[in-house]
1. How about segment A:57-123: which trypsin sites (Lys or Arg not before Pro) there lie in a loop by DSSP and see at most 12 other Cβ atoms within 10 Å?
2. Excluding same-chain residues fewer than 8 positions from A:Lys63, which lysines have a Cα within less than 24 Å of its Cα?
3. If we count other beta carbons within 10 Å of each Cβ, what is the order of A:Thr81, A:Thr155, fewest first?
4. For B:Leu179, what is the net charge nearby, where nearby means another residue's Cβ is under 12 Å from its Cβ and Lys, Arg count +1, Asp, Glu -1?
5. Tell me the net charge near B:Leu189. Cut-off is 9 Å between Cβ atoms, B:Leu189 excluded, with +1 for each Lys or Arg and -1 for each Asp or Glu.
6. Tell me the Kirkwood hydrodynamic radius of segment A:37-122 in angstroms, computed as one over the mean inverse distance between distinct C-alpha pairs.
7. If I take the Cα coordinates of segment B:2-224 and project them onto the principal axes, what are the three extents in Å, biggest first?
8. Near B:Lys104, which lysines are there with a Cα under 29 Å away, not counting those fewer than 8 places off in the same chain?
Amino acid sequence: MVTGDRLGERFGRLAYGGAVWAGFGFLLLPILLVLWLSFFSNEILSLPPDGYSLRWYEGLLTKRDFIDGFILSLEVAVLATLAGLAVSVPASLVLVRGRFKGREAILNFLMAPLIVPAIVIGAALYIFFIQVEIATDIPLAGSAPGLVGAHVLLTIPWCIRLLTANLVGLDPAIEEAAASLGARGWVILARVTLPLIWPGLVAAALFAFVVSFGNLEISLFLVAPGETTLPIAILQYLEWKLDPTIAAVSTLQVVLIGAGLFATDRVVGLARVV
Amino acid sequence: MAALVLDRLTKHYGDHAAVDTLSLTVADGEFLVLLGPSGCGKTTTLRMIAGFVEASTGQVSLGDRDITREPPHRRNIGVVFQNYALFPHLSVFENVAFGLRRRKRPEAEIKTRVARALGLVRLDAFADRMPKQMSGGQQQRVAIARALVIEPDILLLDEPLSALDAKLRLEVRQELKALQRLLGIATILVTHDQDEAMSLGDRLVVMNAGRVEQIGSPQELYRQPASRFVASFIGRGNFLEGVGAGHRFTTRHGWSLPTARPVDDVATVLIRPEAIHLAPTADADRVPARVALVTYLGPMTEVVLELAGGDRLVAEQASGGWLDRVEPGQDIGAGIPPEAVIGLGAEGATRT
Ligand SMILES: Nc1ncnc2c1ncn2[C@@H]1O[C@H](COP(=O)(O)OP(=O)(O)O)[C@@H](O)[C@H]1O
Ligand SMILES: [Mg+2]
């Protein structure tokens, strides 16, 4: 009996380990494959490759679409992240500290963009912007504020999630102590609250940046004619070419985001905040 | 002038009154202790004084300043919290300097005042530490220094010792008392621990369900509790039910005993265990009593007595002599001086 139990336990542990590694493999394999492909020298994908080269990376430097797309994505993501934080910091403070009617409803409302498919958000915003334009002559669709505003919807849920998680662990007595010592509201925020949720703030900024930077569905509806974000540039390129250029762009993106994650982990310890 | 006056202070949460028309005065340099069971409104009272919660009605005055509607940062009140509430991202020095920096004091003055405050709590050597690197007792002393350095008009402490272990609690308690005497700062401390209250307070305010039950010195509260609630909260006692008339109280079991004060309309009397004088035999001053239980407590021996009528009394007397040899079942004598029989008013009513 005892041996049977031991065997069962051992088998269970093996199966568990196997499942974990299979999961990792499933997640990582495509990325590793892309990484590998980006160095193939042949234009038409085939295995094994004819040879290896950096020509796809060099080629990127001459492709205006990708460069412009990268710059626009960067601008949009930075602005959407800053705006998302500006909204989410006060909202999180109120949501964590406050005990009022409708608190749950507001929280769910702010988290909603995580649940609604991005393509639906994009289409809905497009229609909404057009209606607004018809009514007021303010051209939102295809404008920079419209695009950034739409991306802010994406960044808010991530910011709220990470900030509230950090704020819950912050003893309100610490802020009260600051008040009793003569600190008014904004001084408390700047000197006590924000420094104490700093890890959450950094993580929120990082995640917000990543979701905005990688977003395709919403941008697709809202970019100005002739302009592209990086994901749109990739999509458009794929429509008539299938060479490893895409793999090179993707690899650069992965490296960029990976570096961001690594730096964040160094500064605040990601395991602690996410 | 009084340091602090609370005038009919009230806080409602919904239709529940957490604090109900509470009035009290703290004299300059006085150490006042708010004592009461959990949930009786002590913290809410303190938080209204500090300005963290708004009073529903009533008034808080600091000196001749009405501060009822002032935000906390303009009150100049030192607050010490149960869980220290130090700024974890700041060094001990910066924690203590925080209030002075808000007051825009020059750097040199900050240096000397922080050093002096840390000296008061014997933490001079710890200025560069982070709070995390210190023990609970040390952290609480930093919190005390941080509250004192701003020279507050009053110092508020909410169960400041309850997060410490028993030995440290005694140590910090002594230090707190010495410090308060030294600085002569008006102080209110909240606790549910009667020992702490008795040993620290010049005056005690016993609270029950949002109201003041009684205010007085530790001696007054012990000797002349106004209600059964106060009597049972401070020290231990025998409570006998019955009817009083003139200078005589008759228990439900028919035992009649003389009292020093008139006990008309009194339904409960209190007899403190140590007020009962035990002797090996009954006599004119001592009623016969049978020993039910003996507990040796070192310097004191506790004896549970059964009286002929059925009344039970707990008595406590210095150990030694015949008392060391007393056995359950033995018949002895119990003397109860008339002044030891204290008539208690109905719940909440003050009676002296
Ligand atoms: N923010 C609040 N909302 C609702 N009820 C509260 C709040 N704070 C305190 N109370 C209630 O007020 C009463 C007194 O609480 P408190 O002042 O914390 O008591 P104590 O400090 O004596 O234990 C309790 O019944 C408590 O439940
Ligand atoms: Mg309390």
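Nothing in this text is a laboratory measurement; each read-out follows from the coordinates by a stated rule. Every value quoted in this text rests on a predicted model; they were computed, and no experiment measured them. Note: ideal-geometry Cβ built from the backbone for every residue, glycine included; neighbour counts use all protein chains shown.
1. Passing both the DSSP loop test and the Cβ count: A:Arg99, A:Lys101.
2. Correct list for A:Lys63: A:Lys241.
3. On the way: A:Thr81 25, A:Thr155 30.
Least crowded to most crowded, the residues run A:Thr81, A:Thr155.
4. Charge balance near B:Leu179 sits at +4.
5. -3
6. Values: mean 1/r = 0.0570 Å⁻¹.
17.6 Å is the Kirkwood radius here.
7. 46, 38, 31
8. In chain and number order, the partners are B:Lys132.
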